[in-house]
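The values are calculated or read from the model by the stated rules, or taken from the named source; none is laboratory data. Everything quoted here is computed from the prediction, not taken from an experiment. Every residue, glycine among them, receives a Cβ derived from its backbone with ideal geometry; neighbour counts consider all protein chains shown. Ligands, DNA and RNA are excluded from the accessible area calculation, which covers all protein heavy atoms including side chains. Shrake-Rupley method; radii C 1.70, N 1.55, O 1.52, S 1.80 Å.
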Amino acid sequence: MDQEPLEVDIDGRDPTFKQFPSWSLRRLRARIPARAVLYLLSFSGFLVSFVMRNDINLAIIAMVRHPLRNLTTNDSMTDLYCYGPEHSANSTDDEDEPTGRPNYEEGNLDWDSTIQSSIISSFYWCYVMSQILGGYLTQKFGPKAVFGWSQFITAIGSVCIPLAADIHYSAVVFLRSMQGIASGLTWPAMYAMAGRWIPPKERSRFMSSFQGFSFGIGLTYPLCGWLIANFGWRIVFYVTGSLGFTWCVIWFLLAYDTPAVHPRITQHERRYIEISLGETVIQGKGLPVPWKELFKSLPVWSIGITTFGRIWVSYTFIISGPMYMKTVLGFSIQKNGLLNGAPFLLSYLTSVIFCYLADVIVAKNMMTLKNVRKMNTAIAQVVPGLICVLIGYLGCDIVPVLVVWFIAVSCITAAYAGAMASIVDIAPNLAGPILAFAQTIHMSASFLSPIVAGFVLKENQSLEQWRIVFAITAIVSVTTYFMFQIYGTDEVQSWNYPDNKSPIQIDDTNQPLQSISKTDQQINRSSPYAT
């Protein structure tokens, strides 16, 4: 049966929605693109994923016993800290706190620093190891199943951690490892979903949905601080796990692998997506992954190596940041959580701005897509790297430290209009496997960064030692950027297609359709769905 001609509506929304009554569900469906629903699912999915991932970073402080640091016994070291002997690192800074209430910040688990490090890092070791598996499973079973079930398994791990902690720390290591394996599947799955659903001119803005992880981190620290202070650390894992289960139900009800199988998408939006994607995307599952060509691809390696530097600087703020605020700036655990979380809440807004501006610049032909990707990658790595050095030399000047701290975390989000977006640019059919390969490289920085910081700070955590940590971060972040500057590209690679051959685009009347050129894709005006 012939379909009605596709009217000129480059946003993909049905231009005839006004013909329906204002109360009609069909009118509402036509006005809300399926891509907008996918954006919200992606954003909320990464938010919940990172809440379940990072809850233990703050909770573990309240889980274990900490010997109080007696600053009065070592006067020679007090000048290296931004607080006096009367403010211990474990101070609550809550003068008005009522007396007689339980002190939930006093832990009862005898886990030394080595055990704590093993528990936190076990997630990331397994997370890195599961990236290739995520790419394979995504190609075999589709992104909906992989993303949904990975979240479900992570939620199970969260609610079981309190029981495991009572049994033995090795049980917690096991659960964290299980969570790491499951969470490692999420990124390849969502990149594959983006490759099948999002037209090229909208990808930068859709990538801002991945910044749900920043929102997740930003919410995790203050939420956990409040829960711990009022109910104890166990409730943290019950709450985060319950969030995970609730999200999974919504995901399985609303998400679909491709526009072709979505039961509620309008014909106009479906055809808009399929025509916009053109011949670059092969519908369906099971496209063989050309691992040999992928391993030999310099653009793919440039993404992995460059992003290694971005992850290094990012995890300096995520994991080492709370310790810096505690040992150098002297903040209590609750202020620590708030001040560490706030920049990541702000970073979501900056990610939307960076991604939106990237689309505008390309649409107005102000810069080529390749140069926009490189510019944003530089903002995401060079600027935060240099700011890390500045933080160390600002010392105890608290307000400037917090200001530049916010700026650095915000700039990191430009990567989603930079190297990370180029994953879908160069091979939309194989975005999942490419992301898996790249993450195997760059996510190793998620545990190497805190390991290096721990080694440098092993003897003492003076401001001088922290300057070394920040200098190493700057070197890694800035130098790795040049790999993408040299080899980064936006060109679709020949191995994106079966047998390295681009298929002829055929419409439903078996008549060849004119291919959509890259220029046409770039100059179409942008859809507002992600803003």
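Answer with one residue from A415, F344, L402: the one whose Cα lies farthest towards the positive end of the charge dipole of the stretch 285-436, charges on Cβ with Lys, Arg +1 and Asp, Glu -1.
A415
Spin-label point model (7 Å from Cα, Cβ direction): what's the Y487 to I275 distance in nm?
3.8
Please compute the length gained on full extension between W226 and L298, using 0.36 nm multiplied by the number of residues separating them and subtracting their Cα-Cα distance. Intermediate results must be reported in sequence, preceding the final value.
Details: separation 72, 0.36 × 72 = 25.92 nm, distance 4.66 nm.
Additional length available on full extension: 21.3 nm.
Whenever you get a sec, compute what percent of the accessible area on the stretch 368-494 sits on carbon and sulfur atoms (1.4 Å probe).
On the way: 2950 of 4280 Å².
Whole-percent figure for carbon plus sulfur exposure: 69.
Dividing the alpha-carbon Rg of the stretch 159-276 by 2.2 N^0.38 Å yields what? Please list the in-between numbers first.
Details: Rg = 18.7 Å, N = 118, 2.2 N^0.38 = 13.5 Å.
Compared with the compact-globule rule of thumb, the stretch 159-276 sits at 1.39.
Given 0.36 nm per residue, what is the gain on full extension from V261 to S117 after removing their alpha carbon distance, in nm?
Numbers: separation 144, 0.36 × 144 = 51.84 nm, distance 4.48 nm.
Residue separation times 0.36 nm, minus the Cα-Cα distance, leaves 47.4 nm.
Once label points are set 7 Å from the Cα along Cα→Cβ at both V389 and K140, what is their separation, rounded to one decimal in nm?
4.7
For the stretch 267-424, what is the accessible area per residue in Å², given a 1.4 Å probe and the full set of protein chains? All intermediate terms of the calculation are to be shown ahead of the outcome.
On the way: 5360 Å² over 158 residues.
With the other protein chains kept in place, the stretch 267-424 gives 34 Å² per residue.
Accessible area of S494, 1.4 Å probe, to the nearest 10 Å²?
70
Can you tell me the Rg and the Dmax, both Å, for the Cα atoms in the stretch 307-371?
Rg, Dmax (Cα atoms, Å): 16.7, 49.
Could you order peptides 473-485, 425-437, 359-371 by the average number of other Cβ atoms within 10 Å of their residues, highest first?
On the way: 473-485: 22.1, 425-437: 27.1, 359-371: 16.3.
The packing order, highest mean first, is 425-437, 473-485, 359-371.
Using only the Cα atoms of the stretch 217-263, construct the convex hull and provide its projected area averaged over every direction, in square nanometres to one decimal.
On the way: hull surface 17.0 nm².
For the Cα atoms of the stretch 217-263, the hull's average projected area reads 4.3 nm².
Give me the net charge for the shell around I379: Cβ to Cβ below 14 angstrom, other residues only, Lys and Arg +1, Asp and Glu -1. Present the calculation step by step, with values, prior to reporting the outcome.
Numbers: positive: R310, R373, K374; negative: none.
With Lys, Arg at +1 and Asp, Glu at -1, the net is +3.
Quick one: what are the phi-derived ³J(HN,Hα) couplings along the stretch 157-167, Karplus 6.51/-1.76/1.60 with θ = phi - 60°, whole Hz, x for glycine and proline?
Using θ = phi - 60°, the values come out as x, 4, 5, 8, 4, x, 5, 4, 5, 6, 7 Hz.
So with the 1.4 Å probe, I'd like the accessible area per residue for the stretch 131-175, rounded to whole Å².
On the way: 1840 Å² over 45 residues.
So the stretch 131-175 comes to 41 Å² accessible per residue, rounded to a whole number.
Based on the Kirkwood radius over alpha-carbon pairs, what value in µm²/s does the Stokes-Einstein equation return for the translational diffusion coefficient of the stretch 380-493 at 20 °C and 1.002 mPa s?
Numbers: Rh = 15.8 Å.
Calculated translational D: 136 µm²/s.
Principal axis lengths of the stretch 262-419 from Cα atoms, whole Å, largest first?
57, 39, 35
Where the accessible area of the stretch 283-362 is counted over protein heavy atoms with a 1.4 Å probe, how much of it, in %, is carbon and sulfur? Present the calculation step by step, with values, prior to reporting the outcome.
On the way: 2030 of 2730 Å².
Solvent-exposed carbon and sulfur of the stretch 283-362 make up 74 percent of the total.
When you have a sec, figure out the Kirkwood radius of the stretch 330-413 from all distinct Cα pair distances and drop it here in Å to one decimal?
Details: mean 1/r = 0.0706 Å⁻¹.
Kirkwood hydrodynamic radius for the stretch 330-413: 14.2 Å.
If DNA, RNA and ligands are ignored and the probe is 1.4 Å, what is the ranking of F455, F406, F317 by accessible area, most exposed first? Can you show the working numbers first?
Numbers: F455 165, F406 55, F317 5 Å².
Accessible-area ranking of F455, F406, F317, largest first: F455, F406, F317.
Whenever you get a sec, line up E491, E269, E464 from highest to lowest accessible area (probe 1.4 Å, protein heavy atoms).
On the way: E491 95, E269 5, E464 120 Å².
The ranking, largest first, comes out as E464, E491, E269.
Top to bottom by accessible area (1.4 Å), largest first, where do D110, D257 land? Before the final figure, lay out each step's value.
On the way: D110 120, D257 25 Å².
Result of the area sort, largest leading: D110, D257.
With every protein chain present, what accessible area does L40 have (1.4 Å probe, heavy atoms only), rounded to the nearest 10 Å²?
110
Roughly how far apart, in whole Å, are the Cα centres of the stretch 385-454 and the stretch 286-309?
19
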